Amino acid sequence: MPYVIDRARKSGVRYTAMYTDENGRYKSAGTYDTQERAQAVAEQHERHVRLRLAETSPADRATITVRDFGVKFLREHAVEPNSKMTYAQLLSAHIYPYIGKRRVAEIGRETIHRLLTVVLPEEGASQSTVVNVRTCLSAMMQMAWDHGYRADNPVKGIERFKELPRERW
């Protein structure tokens, strides 16, 4: 529970904001001129710690779809803005139409392999698009694994696709 400590100084009273960290220990959030400001900052720090510790429920982990997880992925994935924009375009154009309604926890290697080797080429996607979709899916499934939505990364191990030789006319 956040609280404030009064500190008497020669120049007057100052107020130290105290909050509880992740380990249950009290920490200072700084010293302020007014008690109200110190209390507000202490509450803000403790609220931030609580939100950081809030985990996704097991039910949500089991039922989240690729489309819903894609929103979380784009919001939290640490890449350059240009890459994030490319990922968003790949997700909406090539991934969501095929596997967007499926659950993240249930996507298998076969599904991803089929998407990359059959569905996208049939749509007329270029080889570089297929490689970029694979990269995007791999990053997304890795994040799902890291956050506990999956027990593995099904894209890992699927070979990167090499440029196919063009037919000569």
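The values are calculated or read from the model by the stated rules, or taken from the named source; none is laboratory data. Treat the numbers as computed from the prediction; the structure is a model and nothing was measured. Heads up, the Cβs are rebuilt from the backbone with ideal geometry, glycines too, and the neighbour counts pull from every protein chain shown. In case anyone asks, the SASA skips ligands and DNA or RNA and just uses the protein heavy atoms, side chains included. Shrake-Rupley method; radii C 1.70, N 1.55, O 1.52, S 1.80 Å.
Checking Arg7 against (1) among the basic types (Lys, Arg); (2) touching a Phe, Trp or Tyr at 6+ places or on another chain (Cβ under 6 Å); (3) not in a helix (DSSP H, G or I), which test does it fail? The single condition Arg7 does not satisfy is (2). Going by what's in this entry, would Glu46 be described as among the acidic types (Asp, Glu), open to solvent by less than 60 Å² (accessible area, probe 1.4 Å) and within 27 Å of the chain's Cα centre (by Cα)? For Glu46, the condition - among the acidic types (Asp, Glu), open to solvent by less than 60 Å² (accessible area, probe 1.4 Å) and within 27 Å of the chain's Cα centre (by Cα) - is met.
Please work out which residue is nearest to Gln44 (Cα to Cα), limiting yourself to the stretch 10-29 and to residues that are in a strand (DSSP E or B) and of a type in the set (Ser, Thr, Tyr). So that I can check it myself, show each step before the final result.
Of the stretch 10-29, the ones in a strand (DSSP E or B) are 12-20, 26-29.
Next cut, of a type in the set (Ser, Thr, Tyr) only: 15-16, 19-20, 26, 28.
Details: Tyr15: 16, Thr16: 14, Tyr19: 9, Thr20: 11, Tyr26: 14, Ser28: 12 Å.
Here the answer is Tyr19.
Condition (residue is touching a residue at least 40 places away in the same chain (Cβ under 8 Å), in a loop (DSSP other than H, G, I, E, B) and of a type in the set (A, V, I, L, M, F, W, C)) applied to the stretch 112-125: is it met by at least one residue? No - not one qualifying residue is present in the stretch 112-125. Entry remark, the stretch 75-107: residues being part of a helix (DSSP H, G or I) and either open to solvent by less than 40 Å² (accessible area, probe 1.4 Å) or under 17 Å from Leu120 (Cβ atoms) (or both) number 15 in total.
Closer than 17 Å to Asp68 by Cβ and either open to solvent by 50 Å² or more (accessible area, probe 1.4 Å) or within 17 Å of the chain's Cα centre (by Cα) (or both): does that describe Ser126? Spelling it out, it is not the case that Ser126 is closer than 17 Å to Asp68 by Cβ and either open to solvent by 50 Å² or more (accessible area, probe 1.4 Å) or within 17 Å of the chain's Cα centre (by Cα) (or both). Being open to solvent by less than 50 Å² (accessible area, probe 1.4 Å) and of a type in the set (Ser, Thr, Tyr) holds for only one residue in Thr63, Thr111, and it is Thr111. Annotation: Tyr96 fulfils all but one of (1) modelled with pLDDT of 90 or more; (2) farther than 30 Å from Ser138 by Cβ; (3) touching a Lys or Arg at 6+ places or on another chain (Cβ under 6 Å); (4) not hydrophobic (A, V, I, L, M, F, W, C); the unmet one is (2). Restricted to the stretch 1-26, and to residues there that are under 31 Å from the mean Cα position of the chain (by Cα) and among the aromatic types (Phe, Trp, Tyr), the residue that is farthest from Ala38 (Cα to Cα) is Tyr26.
Return the residue satisfying two criteria in turn: it lies in the stretch 130-154 and is among the hydrophobic types (A, V, I, L, M, F, W, C) and open to solvent by 50 Å² or more (accessible area, probe 1.4 Å), and of such residues it is farthest from Glu106 (Cα to Cα). I'd like the intermediate steps shown before the answer.
Filtering the stretch 130-154 down to residues among the hydrophobic types (A, V, I, L, M, F, W, C) leaves 130-131, 133, 136-137, 139-141, 143-145, 151.
With the extra rule that they be open to solvent by 50 Å² or more (accessible area, probe 1.4 Å), the set shrinks to 145, 151.
Working: Trp145: 12, Ala151: 10 Å.
Filtering first and then ranking leaves Trp145.
Kindly evaluate Asp68 against the criterion of being acidic (Asp, Glu), assigned to a helix (DSSP H, G or I) and either over 30 Å from Met140 (Cα atoms) or free of Cβ contacts under 8 Å to residues at least 60 places away in the same chain (or both). Here the answer is yes, as Asp68 does meet what is asked.
This table checks each residue for (1) aliphatic (A, V, I, L, M); (2) on the phi < 0 side of the Ramachandran plot.
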| residue | (1), (2) |
| --- | --- |
| Glu123 | no, yes |
| Ala139 | yes, yes |
| Trp145 | no, yes |
| Gly148 | no, no |
